[in-house]
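J.: Before we start, here is the structure in question, set down as structure tokens.
The values are calculated or read from the model by the stated rules, or taken from the named source; none is laboratory data. What you are looking at is a predicted structure, and each value in this text was computed from that prediction instead of being measured. All Cβ positions, glycine included, derive from the backbone under ideal geometry; neighbour counts span all protein chains shown. SASA here: full protein model, heavy atoms, side chains in, ligands and nucleic acids out. Shrake-Rupley method; radii C 1.70, N 1.55, O 1.52, S 1.80 Å.
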Amino acid sequence: MPQGDKSSYADKQKRKARHIEQGYEERGVPKDEAESRAWATVNKESGGGNKSGSGRGKPDTHGSSRKGGRLGGAASVRRSAADRSAAAKKGWETRRRKAG
């Protein structure tokens, strides 16, 4: 199997990688970097490629996702209430302009 071949991954793993990649791209990470980070996360959580089928593969650990969520939450807590409120208002304005 050539390096970079994703044929040994289950559909669920491919969807998961796409979703993680989109999250990175929304935060401004370049496409290539976002893709490699996404697959690294999938590999860390699932232990590599899992062919689909009943009883094949091991259950995923969600350590990487959990760690990322905790770190993001910790950063938010360090900011003042006024800063968090201002950021929320700015985000709301941005979303409102995109939708309208």
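J.: Please check which bits of the range 18-50 a label hung off residue 66 would reach, taking the label as a point 7 Å along Cα-to-C-beta and the cut-off as backbone N under 20 Å.
T.: Only 20, 40-48 fall inside the zone, counting backbone N under 20 Å.
J.: In addition: Counting only protein heavy atoms and using a 1.4 Å probe, what share of the accessible area of the chain belongs to carbon plus sulfur, as a whole percent?
T.: 51 percent
J.: Under a crude label model (7 Å from the Cα following the beta-carbon direction), how far is residue 29 from residue 11 in nanometres?
T.: For residue 29 paired with residue 11, the spin-label model returns 2.6 nm.
J.: Which value in nm describes the separation of the simple spin-label points at residue 94 and residue 37, placed 7 Å from the Cα toward the beta carbon?
T.: Each label point lies 7 Å from its Cα, and together they span 1.5 nm.
J.: Roll a 1.4 Å probe over the protein chains and send me the accessible area per residue for the chain in Å².
T.: 78 Å²
J.: Something else about it: Among 71, 38, 88, which residue has its Cα positioned farthest towards the positive end of the charge dipole of the chain, with +1 placed on the Cβ of Lys and Arg, -1 on the Cβ of Asp and Glu, and the dipole taken about the Cα centre?
T.: Highest projection toward the positive end goes to 88.
J.: Enumerate the calculated ³J(HN,Hα) couplings along the range 85-94 in order (Karplus 6.51 cos²θ - 1.76 cosθ + 1.60, θ = phi - 60°), each rounded to whole Hz, writing x wherever the residue is Gly or Pro.
T.: Once rounded to whole Hz, the list reads 5, 5, 5, 5, 5, 5, x, 4, 4, 4.
J.: Report ³J(HN,Hα) in whole Hz for each residue of the range 9-23, in order, from the Karplus equation J = 6.51 cos²θ - 1.76 cosθ + 1.60 where θ = phi - 60°; Gly and Pro get x.
T.: 8, 6, 4, 4, 5, 5, 5, 4, 4, 4, 5, 5, 4, 4, x
J.: Counting Lys and Arg as +1 and Asp and Glu as -1, what is the net charge of the other residues whose Cβ lies under 13 Å from the Cβ of residue 33? Please report the intermediate quantities before stating the final value.
T.: Values: positive: 27, 31, 37; negative: 21, 25, 32, 35.
With Lys, Arg at +1 and Asp, Glu at -1, the neighbours total -1.
J.: Which residues' amide hydrogens lie under 5 Å from the amide hydrogen of residue 49, considering only partners 5 or more residues apart or on another chain, with H built in the peptide plane?
T.: Counting only residues 5 or more places away or on other chains, the set is empty.
J.: What is the percent of Cα-Cα separations in the chain that go past 19 Å? Could you put the intermediate results ahead of the total?
T.: Working: 2854 of 4950 pairs.
Tail of P(r) above 19 Å: 58 percent of Cα pairs.
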